[in-house]
Amino acid sequence: MSRVNAGILGTGHSYPKGVLTNADLEKIVDTSDEWITTRTGIKQRRKAAPDEYTSQFAVGASREAIERAGIDPEEIDLILPSTACLIQAELGANKAAAMDIVAACSGFLYGLSMAGAMISGGQSKYVLVIGAEILTRYVDYTDRSTCVLFGDGAGAAILGPVESGRGILSAKIRSDGRYEKQLYAPGGGTKGGFTAETIARGDHFFKMKGHEVFKIAVRSMAEISREVLCEAGLRAEDVDLFIPHQANQRITDAVAEMLKVDSSRVYSNIAMHGNTSSASIPIGLDECVEAGRVREGDVILMASFGGGVTWSAVTMRW
Ligand SMILES: CC(C)(COP(=O)(O)OP(=O)(O)OC[C@H]1O[C@@H](n2cnc3c(N)ncnc32)[C@H](O)[C@@H]1OP(=O)(O)O)[C@@H](O)C(=O)NCCC(=O)NCCS
């Protein structure tokens, strides 16, 4: 049986209307627009209202992706986001299997990698992969080292069969649990339980060793990007568009420099969105599609890093 190539047929994104600027944060914690801008590149991020929830934005992004792919929700065989079953019901994708992927900021590329394998292996024809997050619910707004970084949003892609030589060219997913405590929420799991005390202590909020995470993120994203490029028989100069996970402009710049991908070919929306975790790459990809920045035949490199720790990279020909 010949291998089916899997590619992206449509993309979409959605995010809350609410905006949290650096000036807003100056009123909440001891920080400044100048510090946040120079250390991270972030100017603002989206923040969901108390009555908004993750699957709402996931559904919005998915509807756009489904429409652009020109398929019916009932044709979807598999949904790979967080809150998968809620999204399935809302979309009326009644024939799809739905499952969550817990890989933090790497969730979307983990999803692309699995979608590619499911389509190539003949188990699925159309797969909906979503990165959707309301991270602002897990952020401690008394901790200035984390609360300035994260924002909310969702991005989605419909994957399906494409002609030979197109679509996903190579994909890799990795993790290393030895670094768990570099970026994690200590409460909420079975270890220590989920009680009034753990909530009062704020154990459900992110804790992060920013400096350590920075170094591992740069190293891991650069290494895995080299690996997927090599596997696809590509060089850095073949990359038309590099969409890294949007964690920090300085991380993006360092990875691009290590890979020798010219800054004109690197996408960044961190100033407007901050770090939206698994949503950052699909939001970026859809913004590039909408802006006409992706042309047929272009080589796209995507790389991510997140809690776990997890990291991943994918190359594709559009
Ligand atoms: C968090 C991060 C921006 C901090 O930048 P940094 O250059 O490493 O800064 P440091 O952590 O060394 O802190 C430097 C100083 O700034 C202070 N600081 C931290 N956050 C601050 C803020 N929001 N406003 C003002 N000062 C702040 C620190 O307290 C520290 O002060 P000190 O020197 O008096 O102790 C950076 O480490 C980072 O982006 N790490 C990766 C985080 C990430 O992307 N995580 C998600 C991965 S998916």
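The values are calculated or read from the model by the stated rules, or taken from the named source; none is laboratory data. Remember, predicted model here, so these are calculated numbers, not experimental data. All Cβ positions, even for glycine, are placed from backbone atoms using ideal geometry, and neighbour counts span all protein chains on display. We work out accessible area using only protein heavy atoms, side chains counted, and drop any ligands, DNA or RNA first. Shrake-Rupley method; radii C 1.70, N 1.55, O 1.52, S 1.80 Å.
Before moving on, here are some points about what is shown:
- Using alpha-carbon coordinates, inclination of helix 54-69 to the longest axis of the chain, degrees: 20 degrees
- Neighbourhood charge, 14 Å Cβ-Cβ cut-off, centred on Gly210 and excluding it, Lys, Arg +1 and Asp, Glu -1: +4
- Computed from the alpha carbon atoms alone, the convex hull of the chain holds 133 Å³ per residue.
- Using 0.36 nm per residue and subtracting the Cα-Cα separation, the extra length available between Ala49 and Arg250 on full extension is 69.4 nm.
- Heavy atoms of Met302 accessible to a 1.4 Å probe, total area in Å² rounded to 10: 0 Å²
- Centroid-to-centroid, using Cα positions, the stretch 240-264 and the stretch 20-63 are 22 Å apart.
- Accessible surface, per residue, of the chain when the full set of protein chains is kept, probe 1.4 Å, Å²: 44 Å²
- In a fully extended conformation the segment linking Thr38 and Arg201 would gain 55.6 nm over its present Cα-Cα distance, using 0.36 nm per residue.
- Only Lys, Arg (+1) and Asp, Glu (-1) charged, at Cβ; the stretch 1-80 dipole about Cα centre in debye: 280 debye
- With Cα atoms defining each centre, the stretch 149-214 and the stretch 272-318 are spaced 16 Å apart in the structure.
- Restricting attention to the chain, close to 80% of DSSP beta bridges with both partner residues there are antiparallel.
- Calculated FRET value between Ala291 and Glu237, using beta carbons and R₀ = 22 Å, to 0.05: 0.45
- Overall, the accessible surface of the chain at a probe of 1.4 angstrom is composed of carbon and sulfur to the extent of 51 percent.
- Count of lysine pairs in the stretch 123-276 with Cα separation under 23 Å (8 or more residues apart, or interchain): 11
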